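Trainee: Okay, handing you the structure first.
The values are calculated or read from the model by the stated rules, or taken from the named source; none is laboratory data. Values in this document were obtained by computation on a predicted structure and should not be read as measured data. Backbone-built Cβ (ideal geometry, glycine too); neighbour counts: all protein chains shown.
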Amino acid sequence: MANSSRAPGRSRRLRTALVVSAAVGLLATAGAVVLPGSASAASTLGASAAERGRYFGTAVAVSRLNDSAYTTILNREFNQVTAENEMKIDALQPNQGQFNYGNGDRLVQHARSQGMLVRGHTLAWHAQQPGWMQNMSGTTLRNAMLNHVTQVATHYRGQIEWWDVVNEAFADGSSGARRDSNLQRTGNDWIEAAFRAARQADPNADLCYNDYNIDNWNDAKTQAVYRMVQDFKNRGVPIDCVGLQSHFTGGSNYPSNYRTTLSSFAALGVDVHITELDIRNAPSDAYRNVVNDCIAVARCKGITVWGIRDSDSWRSSESPLLFNSSGQKKPAYDAVLTALNNGTTPPTGNPTTPPPTGNPTTPPPSSGCTATVTPGQVWGDRYNTSVTVSGASTWSVVVAITAPQKISSTWSGSPTWDSSGNVMTMRSNGSGNTFGFTTMMNGNSSARPQIRSCTAG
Ligand code: G3I
C-alpha cells in the first residue's frame, strides 16, 4: 500500500476537514453567520468555498503583506495561501547549506494568524534553482536535491497542508516525455525519490505533483502525467495529489474536457487541486466553468488563483485575476462567488450551536509540567488554540479533539497522532514553550480541545 508507513493523521484529517467542511462562513468574524442551506449566501470566496467543503486560496507575494489594500482583500476573501516565490529552492537555499526561511516563515505566520491553510511550493523543480545547484549534476545533484527536500519539509513540518513536491517535470508538446533538466539527467527515478524523501520528512503533509498544460485530457502531457501517477499508485510511491496549475494565460485556454481530466486523476485515488488559476482577460464563463468542474469532482479540494489583483499577476498585461488593479471586484469575481454559492453543499453535522467563549479546559493532569490553553481567533469554519507549557523546557502534551473536528495545521511543536487522528501528542521542538494549532469545526462549532496530559522530558 502506498501510504502504509505514513502517520495516521494528515490525509484522513485533511480529507474530512475539506470534504465535510465549514458550517459557517469566514464572514462570521464580521458577525454575520451563514449556515449551509440557509437562504443567505456567503459573501466571500473562502467562506463560500468552505461551505462546499473546499478552500479558495491565492498566491501571495510576501513583500506585498506590507500593502494594506492587498492584505485587506487577502484576509477577507481567501482561506488558503501559496508562496508565489518565497518557498522556491533559490529563495530557501541561496547558498549550499545556508537556508533562509525568513520570508517563507513570514507567510506561514500570516496564514496562521488568519487560520489559512498553506500550500508549500515547491521542493524540487528545474527552474529557480540557485546558481550552485544549476551547476551540479549526477549523484552530487541528486543528493543535494534530496537534502533540500528533507531540510525544508522538516523545517515546515506540521505547518504545510500540501507540498508541491515536484513541479513541471514533463515536456510540452506531443512527446509525452519527461522534461530534460539537470534533475532528470540524474535518473528517471528522481521524482519518486523526492516524494519518498518528503514523506519521510513530513509524514503528515499531503504530497502533490504539480504542472501546467495538464488541463486538457487529450494532451500527451496530461496523459503522461496520468500514467506516472498511476504507476506511482501501483508501486506504492507516496503521492496524495495532483496539482493542475491551470494558467489559462499566454494562449492556453480552458478546455471543455477539464472536468474529465479532474475526475480521471481523482479516479486514480489522488486528490486534485487547481493550484495556479488565472485566465486571460478573466472571462466570467471560464472562471465559472472551473468552479463548477471542481465542485462536481469530490476529490477536487480547492482552487488557488495566482495572485489577487491584476497588478499582482505575473501576467498583469492580460488582466487575468478576480480583482482589478485598484482592488475592486471584477465580473469574474461575481461569477466565481455565485458558482460557489450555487454548488452542492456536502453533508455536515448540525452547525447551529454558537461558538463558546469561555476557557474550554479543566486543569490537565500534570507530570512535571503544566499546559495552559489560550483560545485564539475564531473564524466561521475554524479556530486557533495556543497552549503554553510551564515547569519544563522539554515536554510532551496530549491534546484530544472531538470528532468531526480535525486539526488542520500546527506550529511551534512536533506533532504525532493516534490512529483515530483525534489525539495529538505535541512534543517540544526547540521553538519555545508555546505551541498552537488550527482546528476545523466540520459542523461542530461548540467542542474545544481538551488537554489530557503534560509530561516533562
Ligand atoms: O525580486 C526580483 C527583483 O529584485 C529584481 O529586480 C527583478 C528583476 O528581474 O526580479 C525580481 O524577481 C522576480 C520574481 O518573479 C519576483 O517578481 C524574478 O526575476 C522572476 O523570475 C520571478 O518570476 C516568478 C516565476 O514563477 C519564476 O519562474 C513569478 O513571480 C511567479 O509568479 C512564477 O510562478 C510560477 C510558478 O512558480 C510555477 N508555475 C508557473 C508560474 C508562473 O510562471
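Trainee: Specify the residue that is surrounded by the fewest Cβ atoms within 10 Å (Cβ to Cβ); the eligible residues are those in region 18-52 that are within 24 Å of Val108 (Cβ to Cβ) and modelled with pLDDT of 85 or more.
Mentor: Within region 18-52, the match that is surrounded by the fewest Cβ atoms within 10 Å (Cβ to Cβ) is Thr44.
Trainee: Here's a follow-up. Only residues in region 245-271 that are touching a residue at least 12 places away in the same chain (Cβ under 8 Å) and on the phi > 0 side of the Ramachandran plot count as the first member; pair them with residues that are assigned to a strand (DSSP E or B) and within 16 Å of the ligand (Cβ to nearest atom), Cβ under 6 angstrom, at least 6 apart or cross-chain, and list the lot.
Mentor: Listed pairs, sorted by first residue: Ser246/Ile274; Ser246/Leu277.
Quick grid of which residues meet (1) away from the ligand (no atom under 16 Å from the Cβ); (2) in contact with a Leu (Cβ under 7 Å, 6 or more places away or on another chain); (3) modelled with pLDDT of 95 or more:
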site: Arg259; (1), (2), (3): yes, no, yes
site: Ser263; (1), (2), (3): yes, no, yes
site: Ala267; (1), (2), (3): yes, no, yes
site: Val272; (1), (2), (3): yes, yes, yes
site: Asn281; (1), (2), (3): yes, no, yes
site: Arg309; (1), (2), (3): no, yes, yes
site: Ser316; (1), (2), (3): no, no, yes
site: Pro320; (1), (2), (3): no, no, yes
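Trainee: Out of all the residues in region 194-221, which are at pLDDT 95 or above and in contact with a Gly (Cβ under 6 Å, 6 or more places away or on another chain)?
Mentor: Answer for region 194-221, where residues must be at pLDDT 95 or above and in contact with a Gly (Cβ under 6 Å, 6 or more places away or on another chain): Cys208, Asn210, Ala220.
Trainee: What number of residues within region 94-112 satisfy the criterion of being out of contact with any strand residue (DSSP E or B) (no Cβ under 7 Å at 6 or more places or on another chain) and either more than 16 Å from the ligand (Cβ to nearest atom) or of a type in the set (Val, Ile, Thr) (or both)? Break it down stepwise before answering.
Mentor: Residues of region 94-112 that are out of contact with any strand residue (DSSP E or B) (no Cβ under 7 Å at 6 or more places or on another chain), as a first pass: 94-103, 105-106, 109-110.
Narrowing the set further to residues that are either more than 16 Å from the ligand (Cβ to nearest atom) or of a type in the set (Val, Ile, Thr) (or both) leaves 95-99, 101, 105, 109-110.
The qualifying residues number 9.
Trainee: OK, next. Taking Ser325 as the residue in question, decide whether it is under 24 Å from Met116 (Cα atoms), free of Cβ contacts under 8 Å to residues at least 40 places away in the same chain, among the hydroxyl-bearing types (Ser, Thr, Tyr) and more than 15 Å from the ligand (Cβ to nearest atom). Reasoning before the result, please.
Mentor: Working: under 24 Å from Met116 (Cα atoms): yes; free of Cβ contacts under 8 Å to residues at least 40 places away in the same chain: yes; among the hydroxyl-bearing types (Ser, Thr, Tyr): yes; more than 15 Å from the ligand (Cβ to nearest atom): yes.
So Ser325 fits the description; yes.
Trainee: Another one. Do we have Ala177 as farther than 30 Å from Gly430 by Cα, away from the ligand (no atom under 16 Å from the Cβ) and in contact (Cβ under 8 Å) with a residue 24 or more places away in the chain here?
Mentor: On the way: farther than 30 Å from Gly430 by Cα: yes; away from the ligand (no atom under 16 Å from the Cβ): yes; in contact (Cβ under 8 Å) with a residue 24 or more places away in the chain: yes.
Considered against the rule, which asks whether it is farther than 30 Å from Gly430 by Cα, away from the ligand (no atom under 16 Å from the Cβ) and in contact (Cβ under 8 Å) with a residue 24 or more places away in the chain, Ala177 comes out as yes.
Trainee: Quick check on region 416-436. Is at least one of its residues outside any loop (DSSP other than H, G, I, E, B), in contact with a Ser or Thr (Cβ under 9 Å, 6 or more places away or on another chain), farther than 26 Å from Trp163 by Cβ and in contact (Cβ under 8 Å) with a residue 40 or more places away in the chain? Break it down stepwise before answering.
Mentor: Let us first name the residues in region 416-436 that are outside any loop (DSSP other than H, G, I, E, B), namely 416-417, 423-427, 434-436.
With in contact with a Ser or Thr (Cβ under 9 Å, 6 or more places away or on another chain) added as a condition, the list becomes 416-417, 424-427, 434-436.
From what is left, the residues that are farther than 26 Å from Trp163 by Cβ are none.
No, that holds for no residue.
Trainee: Among residues belonging to region 129-173 that are touching a Ser or Thr at 6+ places or on another chain (Cβ under 9 Å), charged (D, E, K, R) and closer than 28 Å to Ile274 by Cα, point out the one that is farthest from the ligand (Cβ to nearest atom).
Mentor: Here the residue is Arg157.
Trainee: Please go through region 328-338 and pick out each residue that is surrounded by fewer than 23 Cβ atoms within 10 Å (Cβ to Cβ) and either without any contact (Cβ under 8 Å) to a residue 12 or more places away in the chain or under 22 Å from the mean Cα position of the chain (by Cα) (or both). Give the steps one after another, and end with the answer.
Mentor: Initial filter on region 328-338 (surrounded by fewer than 23 Cβ atoms within 10 Å (Cβ to Cβ)): 328-331, 333-335, 338.
Correct list: Gln328, Lys329, Tyr333.
Trainee: With the condition kept exactly as written, say whether any residue in region 437-451 is surrounded by 17 or more Cβ atoms within 10 Å (Cβ to Cβ) and among the basic types (Lys, Arg).
Mentor: The answer is yes, given that some residue of region 437-451 is surrounded by 17 or more Cβ atoms within 10 Å (Cβ to Cβ) and among the basic types (Lys, Arg).
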